[in-house]
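Participant: One structure, pasted below without further comment.
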Amino acid sequence: MNIAITKTTTPKVMPPEEKLGFGKVFSDHMLRVDWDVENGWHDARIEPFGPISIHPASTVLHYGAEIFEGLKAYRRADGGIQLFRPMENIRRMNNSAARMCLPTMDEADMLELLETFVRLEERFVPHSFGTSLYLRPFLFGNDESLGVHTVKHATFMLIASPSGSYYAEGINPVRIMIEADDVRAVRGGTGEAKCGGNYAASTRAGERAVQKGYTQVLWLDGVERKYIEEVGAMNVMFRIDDIIVTPALTGSILPGITRKSCVEVLRDLGYKVEERLLSLEELVSAMKDGRLKEAFGCGTAAVVSPIGRLSYRDEEYIVNNEQIGEVTQKLYDILTGIQWGKRPDTYGWVHPL
Ligand code: PLP
Ligand code: COI
């Protein structure tokens, strides 16, 4: 792929690493590739980071034709840089595109775009453990007319943000509210696609949770409101007795790459992992009987995040005395060890640059 590069003449100063939040500051450049029906993908270019111009009738502004991904470039202990399972993000991006009638891209081309961009922005990959350069590829429909139909023009972009912890809590347990009213997704809908609309629809419940002192909501299935699905920005796992239970991928939750990796690591550690329907009723009775030993979320931005409190309607349950549990800690250590290059990667997951 031919990628035209125009470098910035005003390089930014990297903020102090201990002050990095999540997604607040951006690197020097952005990448863009255009697509249209006649020419396919063309004009790949990296330019100085800045505002983009968009037609007021553009499809994305009216009908929400937008998908995205999230992955990180990690600074290894030896100073090198690596990605974590980037092909998984690339494939999921193409699956999301297909769901939203947006164009897919050749996997090798997308990888080349990611690699070229990260190499150029190398100095923005922070050095402290736990920090990373968060990469945000996104793709939107860009027809300049108001008809509702499959788009004939689209734009792929990639931006990058040097980031620290996603939650203010860091590795400390978060408080999660089980959402009783709003739903995030239904089977047959767009729940398993990473499209912007899923997040827009989630905001109201998320905001109510924050007002009540919780970090995010835990969604129930959209049909019966009976089964546990996922949290706002992460998949969930529960240690009930000594079995790790995580909701099965039924089509309405995001097939998380961290989830998939956690399942493999846990099984290798000898834990029994069940991917199945988990009802709220079963979870509540496990909490009441003291059989819920640990609960945690997992995702790229959130890494592995212990859940210390769960509430449903007016009941609140404390999990593991609001301490990080043994399995959660072990998983956190192994996964972050591999991602930040502190441990050997026996899985072939890391992708050094
Ligand atoms: N579920 C939702 C709704 C998310 O936004 C994310 C974050 O990407 C995840 C789950 C976890 O997915 P992954 O581990 O691929 O980052
Ligand atoms: C991620 O983990 O990459 C996410 O997309 C979470 C989020 C900020 C929406």
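Participant: So which residues in region 272-291 are part of a loop (DSSP other than H, G, I, E, B) and over 25 Å from the mean Cα position of the chain (by Cα), if there are any at all?
Facilitator: The answer is 289, 290, 291.
Participant: Another question, then. Looking at 211, 216 in this structure, which one is farther than 12 Å from residue 278 by Cβ and without any contact (Cβ under 8 Å) to a residue 24 or more places away in the chain?
Facilitator: Among 211, 216, only 211 is farther than 12 Å from residue 278 by Cβ and without any contact (Cβ under 8 Å) to a residue 24 or more places away in the chain.
Participant: Same structure, new question: Could you please tell me which pairs satisfy a Cβ distance under 6 Å, a separation of 6+ or placement on different chains, a first residue in region 294-319 that is assigned by TED's automatic domain parsing to the domain that holds residue 85 and within 16 Å of ligand 1 (Cβ to nearest atom), and a second residue that is modelled with pLDDT of 95 or more and hydrophobic (A, V, I, L, M, F, W, C)?
Facilitator: none
Residues checked against (1) part of a strand (DSSP E or B); (2) closer than 18 Å to residue 166 by Cα:
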site	(1), (2)
293	yes, no
305	yes, yes
308	yes, yes
329	no, yes
333	no, yes
338	no, no
342	no, no
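Participant: Only one residue in 67, 46 is at pLDDT 95 or above, touching a His at 6+ places or on another chain (Cβ under 6 Å) and either under 15 Å from residue 133 (Cα atoms) or assigned by TED's automatic domain parsing to the domain that holds residue 133 (or both), so which one is that?
Facilitator: Result: 46 is the single residue among 67, 46 that is at pLDDT 95 or above, touching a His at 6+ places or on another chain (Cβ under 6 Å) and either under 15 Å from residue 133 (Cα atoms) or assigned by TED's automatic domain parsing to the domain that holds residue 133 (or both).
Participant: Next up: Have a look at 264, 275, 281 and point out the one that is over 30 Å from residue 86 (Cβ atoms), away from ligand 2 (no atom under 14 Å from the Cβ), in the same structural domain as residue 328 (by TED's automatic domain parsing) and of a type outside the set (S, T, N, Q).
Facilitator: 281
Participant: Also: So which residues in region 81-130 are in a helix (DSSP H, G or I), without any contact (Cβ under 8 Å) to a residue 60 or more places away in the chain and in contact with a Pro (Cβ under 9 Å, 6 or more places away or on another chain)?
Facilitator: 90, 97, 110, 111, 114
Participant: Now for a separate question. Pairs under 8 Å by beta carbon, first residue near ligand 1 (Cβ under 10 Å from one of its atoms) in region 191-203, partner β-branched (Val, Ile, Thr), six or more apart or different chains?
Facilitator: Listed pairs, sorted by first residue: 191/253; 192/253; 194/67; 198/190; 202/217.
Participant: Moving to a separate point now. If I filter region 76-102 down to residues being among the charged types (D, E, K, R) and in contact with a strand residue (DSSP E or B) (Cβ under 9 Å, 6 or more places away or on another chain), which single residue comes out as modelled with the lowest pLDDT?
Facilitator: Out of the qualifying residues, it is 76.
Participant: Looking only at region 310-327, how many residues end up being under 22 Å from the mean Cα position of the chain (by Cα) and not in a strand (DSSP E or B)?
Facilitator: Counting residues in region 310-327 that are under 22 Å from the mean Cα position of the chain (by Cα) and not in a strand (DSSP E or B) gives 2.
Participant: Pick from region 60-76 the residues that are away from ligand 2 (no atom under 16 Å from the Cβ) and within 24 Å of the chain's Cα centre (by Cα): which of them is surrounded by the most Cβ atoms within 10 Å (Cβ to Cβ)?
Facilitator: Looking at the filtered set, the residue picked out is 65.
Participant: If I filter region 213-266 down to residues being hydrophobic (A, V, I, L, M, F, W, C), over 22 Å from residue 165 (Cα atoms) and part of a helix (DSSP H, G or I), which single residue comes out as nearest to ligand 1 (Cβ to nearest atom)?
Facilitator: 263
Participant: Mind listing just one residue for me: the one in region 133-167 that is of a type in the set (A, V, I, L, M), within 26 Å of residue 56 (Cα to Cα) and touching a Pro at 6+ places or on another chain (Cβ under 9 Å) and, of those, farthest from ligand 2 (Cβ to nearest atom)?
Facilitator: Once the filter is applied, the top-ranked residue is 151.
Participant: Would you please list the contacts, defined by Cβ atoms under 6 Å and residues six or more apart or on different chains, that run from a residue in region 226-247 that is more than 28 Å from residue 200 (Cα to Cα) and in contact (Cβ under 8 Å) with a residue 40 or more places away in the chain to a residue that is outside any strand (DSSP E or B) and among the β-branched types (Val, Ile, Thr)?
Facilitator: 239/327
The values are calculated or read from the model by the stated rules, or taken from the named source; none is laboratory data. Because the structure is predicted, anything quoted here is derived from the model rather than measured. Positions of Cβ are backbone-derived with ideal geometry, glycine not excepted, and every protein chain shown enters the neighbour counts.
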